[in-house]
Amino acid sequence: MENKSLNINNQCESKGIIVLPLRGGKTFKYLTLIFLMMSNLSAYEAVLSNTTGLTTNTSVVGWTDDYFMQVFVPPADGYINSIDFNFSDLPDYPGAGLSIWIYEANYPWDEINTEQIADEAPHSHLGYYDADSALYPVGDNWVFGGINNVEGAISDYAYDPLGEQIWPAFGSGSKLIEPDSADEGWMNFDIRGGSMVPFPISENEPFIVVVRFNGFPDEGTDNEAYRMGFYSATNHVDPQPCAKFYNTNSSPEGRSGTNDWGWHIRSYVWDWAINVELESDPRITIDVESLGTTLSTESRTVTAIILDDNPSGGQEFVDSVSLWYDVNGSVGISMPMIGEDSLYTAVIPGQDPGSVIQYWVEVTDISGDTYGSTPHSYAIYQPTHPTLVVFNGGEISGYPYAYYFVQGFPHDVWAGEIFSELASAYTTIYEFTHFANGPEFDNKEVIAGWLEEGHKNYFLAGDEVFGFWTGWVDQDYVPGEFEYDVLGISHIYNDIVESSADVTPIEAVAGNPLSGELFLAHTALGDTLLYDPVYEVGGLNWLDGFDLVDSADVNMTTEFDGSTLAIGLNRRVGDDRIIVLTYDPISINATPYTWWGYSVVSPQTKSLWWFPDVMPLSIGDEPVAPNTFGLGAAYPNPFNPVTNIAYELGSASDVSIDVFNMLGQEVATLVNSFQAAGSYTISWKGLDASGNSVPSGLYFYKMQAEGYSATQKMMLLK
């Protein structure tokens with residue numbers, strides 16, 4: 001696994017970052033600015049960093065010939081003096097080094113949402129330059145990446161993130177990397193060199209720092225003693241500022257085993273700091289506390305740090321500060337400073353459940369100029385159903401999030417950390433962790449307390465949950481621990497796969513209430529069940545296995561080291577019911593192909609009947625296979641960007657669903673396989689067979705199966 005969360009403290013103090021404790025245990029982090037007077041020019045030293053305010057607890061590593069890049073945007077004209085790199089992993093042997101460059105930014109691109117595609121191989125894949133079978137980030141022969149399949153991307157456009165090399169004029173900067181017994185440490189690179197001439201930068205003109213690992217061309221990922229890495233932080237922004245270049249040394253078959261070498265956009269920011277001397281007095285900066293969603297209807301205090309960054313210090317350039325909030329109309333209130341610490345607070349009155357409150361801060365200086373902060377918002381959440389589906393680290397809409405259940409049932413949806421007040425509003429909680437990055441929040445303590453209330457149902461799924469908790473180290477669990485007492489697991493085996501790009505044969509357990517019908521259905525077809533997240537969701541295969549405590553039942557298994565190992569369980573603890581799947585359940589398919597992860601017999605769908613009080617929309621009855629064939633109307637229709645098509649098979653059959661344009665030309669094939677009897681849904685994203693977006697207009701879709709044929713219409717609007 002490439003990215004591992006590390007249990008370390010962010011070394012803020014060593015980076016000139018001040019941490020201010022605020023009410024409720026929250027903190028703000030901001031850059032220390034040290035001002036210098038240079039004749040008639042006001043100038044100051046500062047640090048440009050994309051990790052300010054973030055926790056750098058992730059190690060992103062590479063091997064020789066891997067490149068890392070990060071984009072920086074100067075707030076003013078000035079000069080770069082040096083760069084600090086925070087290493088999380090250092091080689092065990094001498095001979096390693098960094099090559100360092102600065103490039104103009106040919107990144108990002110207006111038509112690409114980099115936040116949406118970060119980490120999502122192959123869509124995050126930009127490409128590389130090919131020269132004599134070697135891979136380079138610059139050159140003359142660009143090899144297109146998977147990003148050209150993303151809706152909105154321009155087909156065959158060279159999405160090269162680097163513009164012209166602007167430092168040094170020729171060659172590269174270089175720095176030796178010495179082994180370190182602690183396997184981590186800060187390294188400073190002075191770009192001025194012997195001439196002590198700083199490198200000029202311009203206000204709001206982005207530049208890209210690029211580094212390459214050197215020194216061990218014969219050592220790849222099989223030997224961690226030759227590995228190097230940077231401390232990093234997860235940051236979901238658009239544009240994502242960082243990318244990694246995967247070379248053939250570290251990735252012989254590509255990043256995900258699909259020959260996808262080269263640049264990949266990542267949702268991590270490397271802990272690099274650009275030490276600069278900036279000219280001119282910057283404008284007033286406003287750092288406003290972000291308030292999260294709450295169930296409380298009480299008033300809330302907003303805190304802001306306001307800096308006018310003038311060389312003499314103090315706040316004499318600030319004349320007044322106002323907090324504005326908007327529910328059904330904008331309201332402005334005075335925001336006084338607390339003490340002399342540049343800290344301002346004001347109170348937003350309590351609001352009704354279901355309200356969404358937008359708020360921002362405006363500052364007026366002594367010249368009458370007004371500066372506004374970035375708008376923030378929070379919601380007063382209103383539970384409406386007894387069941388909550390949580391996407392821990394994922395979105396709450398789109399694919400695959402809207403497809404985890406083929407059977408409808410009343411439920412609320414939440415993306416974010418679970419807190420006690422939220423959990424207590426529900427009888428049943430489904431927690432799906434991100435299919436590629438794993439969970440973002442550790443909800444163990446809250447879930448344990450919630451289950452103690454009694455008569456609860458808890459479902460946990462994902463192939464990176466235990467790695468997130470353990471740091472990807474196999475370990476035993478004993479009574480008194482959450483994993484043992486609540487989940488029913490006595491030992492975890494992390495990442496039981498040879499390659500994250502492989503599929504893994506798995507098996508459903510006959511007679512189990514969650515997997516028994518899946519066993520009967522797939523064995524009747526004679527297919528082989530597979531865990532295949534690479535194909536189904538664009539993630540990687542990090543399947544985990546485990547040993548159980550005596551009170552748990554196995555529902556899914558795989559073969560590992562010559563024996564059968566559990567990958568799914570269900571158990572009862574008092575009047576609570578618990579389900580744990582150490583895989584992404586929507587990623588179950590088979591060879592010959594059937595998408596069992598999205599079917600009426602999938603374990604997560606069957607859980608709707610094993611859990612009491614969930615109330616599926618079929619009013620308590622389990623789904624019954626239809627006895628006729630049918631093709632449903634597309635929904636939504638008209639649509640943009642995606643529509644869903646439901647269909648039914650009265651018996652097992654070869655089935656095809658094809659899309660045609662108004663000229664009768666075939667545009668795309670949505671289904672072409674043998675499927676069991678049942679109800680199905682397929683989506684169409686307005687793409688042709690080559691993955692290109694089709695124009696607006698009227699389209700027809702035709703289903704053929706076992707003597708049945710039907711055609712429906714749908715309208716794509718852009």
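Nothing in this text is a laboratory measurement; each read-out follows from the coordinates by a stated rule. Keep in mind it's a predicted model, so treat the numbers as computed, not measured. Cβ sites come from the backbone with ideal geometry, for glycine too, and all protein chains shown count toward neighbours.
If you take the Cα centroid of the range 154-223 and the Cα centroid of the range 426-453, the two points sit 40 Å apart. If only the Cβ of Lys and Arg carry +1 and only the Cβ of Asp and Glu carry -1, the dipole of the chain around its Cα centre is close to 1500 debye. Distance between the C-alpha centers of the range 336-362 and the range 372-410? Whole Å please. Distance between centres, Cα-based: 25 Å. When the Cα gyration tensor is reduced to axis lengths a ≥ b ≥ c, the ratio a/c is 1.5 or higher for the range 328-426, and with a/b above b/c it is classed as prolate. Could you tally the net charge around Gly257, taking each other residue with its Cβ under 12 Å from the Cβ of Gly257, Lys/Arg +1 and Asp/Glu -1? Net local charge, Gly257 excluded: -3. In terms of surrounding Cβ atoms within a 10 Å radius of their Cβ, Phe207, Phe560 rank from fewest to most as Phe560, Phe207. Only the Cβ atoms of Lys and Arg (+1) and of Asp and Glu (-1) were treated as charged; on that basis the dipole of the range 285-379 about its Cα centre amounts to roughly 420 debye.
Residues whose amide H lies under 5 Å from that of Arg255, counting only those 5 or more places away or on a different chain, are Asp260, Trp261; hydrogens are built 1.01 Å from N in the peptide plane. Sorted ascending by nearby beta carbons within 10 Å, beginning with the fewest, Glu431, Glu219 become Glu219, Glu431. The ranking of Ser299, Ser322 by Cβ neighbour count inside 10 Å, starting from the fewest, reads Ser299, Ser322. Cα centroid separation, the range 457-496 to the range 92-143: 36 Å. Taking every alpha-carbon pair in the range 507-595 and binning the separations at 10 Å intervals from zero gives 16, 47, 31, 6, 0 percent. Values (1) 96, 85, 50; (2) 88, 66, 63; (3) 92, 66, 50 are given for comparison; Cα extents along the principal axes in Å, derived from the coordinates here, is the one labelled (2). Only one residue of Leu525, Asn392, Asn106 has its Cα farthest out toward the positive end of the dipole of the chain, where Lys and Arg carry +1 and Asp and Glu -1 on Cβ, and that residue is Leu525.
A protection proxy built from the mean count of other Cβ atoms within 10 Å ranks the segments 487-500, 174-187, 258-271, 563-576, most packed first, as 258-271, 487-500, 563-576, 174-187. For a paramagnetic label modelled on Asp476 (point 7 Å from Cα along Cα→Cβ), amide N atoms under 16 Å away belong, within the range 549-569, to 549-550.
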